[in-house]
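Take a look at this one; I'll ask things after.
Throughout, read-outs are computed from the coordinates displayed, never taken from laboratory work. Note that the structure is predicted; figures quoted are calculated from it, not measured. Because the Cβ atoms are built from the backbone with ideal geometry, glycine has one as well, and the counts that use them run over all protein chains shown.
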Amino acid sequence: MTPKRSLFSKHKQDPVFFQSLNNDVILECVDKIHIDAKFKGLSARVFQSCELRDRIFPGVPSADKTWIDASLAGDASAVLTPFSETHKIMSGEEPQTDPCDECPALNLQRIVGFNGSVKNGLHLIEGKLTGDKSQTPSMMFPLGASCIIESMDRNVNKQHFFRGHSNPVSAIAVSPCGKFLASGQVTYMGYKATINVYTLVDRQPYATFTLHKVKIEALAFSCDSKLLYSLGGQDDGSVVVWDMEQKKSICASPCAPQTAGCIRVLAASHHDPFSFITAGDKSIRVWNADLKNRKLVPEDCNLGVLKRDVLSVSIDPQDKYLYCGTTTGDVLKINFETKLLVNTGPTKNLISLGIGVVKELGGKLLIGSGNGDIAVLDSEKSYRRISSSSLPKNNAGGITSLVLNENQIFVGTNANNVYRIPFCSKTLNMIGDPVLLKTCHKNDVNDIVFPANKNELFATAGVGDVRIWQTTTGKELRRIEVPNITCHALAFSPDGNSLVTAWSDGRLRAYLPVSGKLIYEVPHAHHLEATALAITNCNTTIISGGCEGAIRIWRIDLSNPAKPVVSLEETMKEHKCKVTTITLSKNNRECAT
């Protein structure tokens, strides 16, 4: 589609008149006659015979034929001179500049969040691999349609964003050499999902692969970092091998037999660059890539009478055994060469809610469960527990990522939390309680406000909680939880002594921002959900809006600060549906809703 009154050209050397024919432009002549370029009678013959019809831009008189001669001679600079400033046909007006060109760019500085729903989405990258001078490792994770590298050095406190996807990232992988980062996305039904590869040192795009449909389920690099394996989602059902040097696909194959269910796990061999594993519902396969014949040869693992849904896979460094964590809470130990089941365990006290992550530690297994438990199991002694630790049960979430770095374990959960646990690598004991490093809301952020005349902190509203954050670091300072209901709106009082919130149960609640203690509550503030808020400068009047369309004014008696009294002053009903926003005038005498 060509915007109206714009210039469209297939042949840059042709006169402007010919470029405009049959396009959505208006030609203005010297005598102020306007000609539609789509008019059927307009042609080269008309152009040559009609007097004063060749002036189609201000400043080019009909007697001046130099720009036409220049176009026929191929002098592009002379042709563009009359309209080089805007390249648009203006109706006798001076060329106008876009005011956005004069505005400074608003660059993204920091994102507060973490996407824990991506399996094995949390990675630690050494500073030398990312080009940073600091020796402190950086944390890498997907968030939205980007991948983020965040420095863990408090003195640096910066983030870098890898952009390029059009939809949320669903899988990421880092090459063993530390040079490449690969990320895949999920898109809409019927569309193809892309895989983007970046270089970590210079942080630039390296390649883009497009073959899978709808979703990229998992990614893995070969041990020599020359191949990239990609696993499509349930709507795609294929596995593809990509050549990193030539930047193209080599071969592909359906990833599971017809009797199997969804395949969600992909892992590459530590020694054989042409071997990898896929696993999922009732299927565990070891693949061999025949690059010469461009074929993928699968071999199913024999589990006997056992049928398991695999959530995670880990291969020992010698490629002797592979360990599979299942939804039933046990581990399958399989011989990598013979593809036969060796043993399973534990037989008693199975891991609750399945084993979402498993990491091999020299014959021992570090596992993370769906209920937030981390444990070290001895695979050679009936999978007994050597040590264990549990995340806080309130909104900790199931474990989706485990990263072991020297004497500490980094844990990512599907509740969008990142924890750090002190760990002794010699005794394999967890020697401390989990420490929360990163967090964000699990669902939509419904509102965000700053205190009056302050920018050091801000508050956000979400499902089940209200959170107060530090602006410079993105650290969570306070969390106020009200389970099973949603906070739709919030507002700081002008004096900063209270944070008033509106909830889906129709109530208004005010809290102390420092301690999170409840100051007062307005029950049945609205018949349906309370959805909007505003507070006057005197700190004694609250204006609230509800889902039923009512606007209500509340008076707060602060004569007894320990027990404020809230009374209804007025109810107004003009809206027919939900009130989303209330804005007060500067003099606090009027408001717009």
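Going by a ≥ b ≥ c, the root eigenvalues of the Cα gyration tensor, does the range 305-377 fall in the rounded group (a/c under 1.5), the prolate group (a/b larger than b/c) or the oblate group?
Note, shape of the range 305-377 comes out oblate.
Another question, if that's okay. Can you put TYR198, TYR511 in order of Cβ neighbours within 10 angstrom, beginning with the fewest?
TYR198, TYR511
Would you please state which residues of the range 250-282 a label at GLN234 would reach in this model, taking the label point 7 Å out along Cα→Cβ and a backbone N cut-off of under 20 Å?
Counting backbone N atoms under 20 Å from the label point, the list is 254-266, 278-282.
Give me the net charge of ILE374's neighbourhood, meaning all other residues with Cβ under 11 Å from the Cβ of ILE374; Lys, Arg count +1, Asp, Glu -1.
+1
Would you mind estimating how fast the range 422-519 diffuses translationally, via Stokes-Einstein at 25 °C and 0.890 mPa s with the Kirkwood radius over Cα pairs, in µm²/s?
The estimated diffusion coefficient comes to 167 µm²/s.
Let me ask something else. Within a 10 angstrom radius of the beta carbon, how do ILE284, ILE250 rank from fewest other beta carbons to most?
Exposure proxy ranking, most exposed first: ILE250, ILE284.
Under a Cβ-Cβ cut-off of 11 Å, what is the net charge of the residues other than ARG479 that fall near it, where Lys and Arg count +1 and Asp and Glu count -1?
Taking every other residue near ARG479 into account, the sum is -1.
Considering only C-alpha atoms, what is the centroid distance from the range 409-439 to the range 501-550, in Å?
37 Å
Can you tell me how the range 468-516 classifies by the Cα gyration tensor, rounded, prolate or oblate, using a/c under 1.5 as the rounded cut?
Cα axes put the range 468-516 in the oblate bin.
When every alpha-carbon pair in the range 113-300 is counted, what percent end up more than 23 Å apart?
Value for the range 113-300 (Cα pairs over 23 Å): 40 percent.
Please work out whether the range 447-592 counts as rounded, prolate or oblate from its C-alpha gyration tensor, where a ≥ b ≥ c are the square roots of the eigenvalues and a/c under 1.5 means rounded, while otherwise a/b larger than b/c means prolate and anything else oblate?
Taking the square roots of the gyration eigenvalues as a ≥ b ≥ c, the range 447-592 is rounded.
Could I ask something else about it? If I take every Cα pair under 8 Å that is 6 or more residues apart in the range 407-533, average their sequence separation and divide by the length, what percent do I get for the relative contact order?
14 percent
Can I ask one more? What does the highest-first list of 312-319, 337-344 look like by mean Cβ count within 10 Å?
Those peptides, ordered most packed to least, come out 312-319, 337-344.
For VAL435 and VAL514, FRET efficiency with R0 = 22 Å and r from the beta-carbon atoms, rounded to 0.05?
0.50
Separate question: Using the number of other C-beta atoms within 10 angstrom as an exposure proxy, rank HIS526, HIS575, HIS165 with the fewest first.
Listing HIS526, HIS575, HIS165 from fewest to most nearby Cβ atoms yields HIS575, HIS165, HIS526.
List the residues of the range 404-426 whose backbone N lies under 18 Å from a point placed 7 Å from the Cα of THR136 along the Cα-to-Cβ direction.
What the label zone holds, given the 18 Å backbone N cut-off, is 405-411, 418-422.
Please list, short to long, the whole-number percent of alpha-carbon pairs of the range 267-329 in consecutive 10 angstrom bins beginning at zero.
Taking every Cα pair in the range 267-329, the percentages come to 21, 51, 25, 4, 0.
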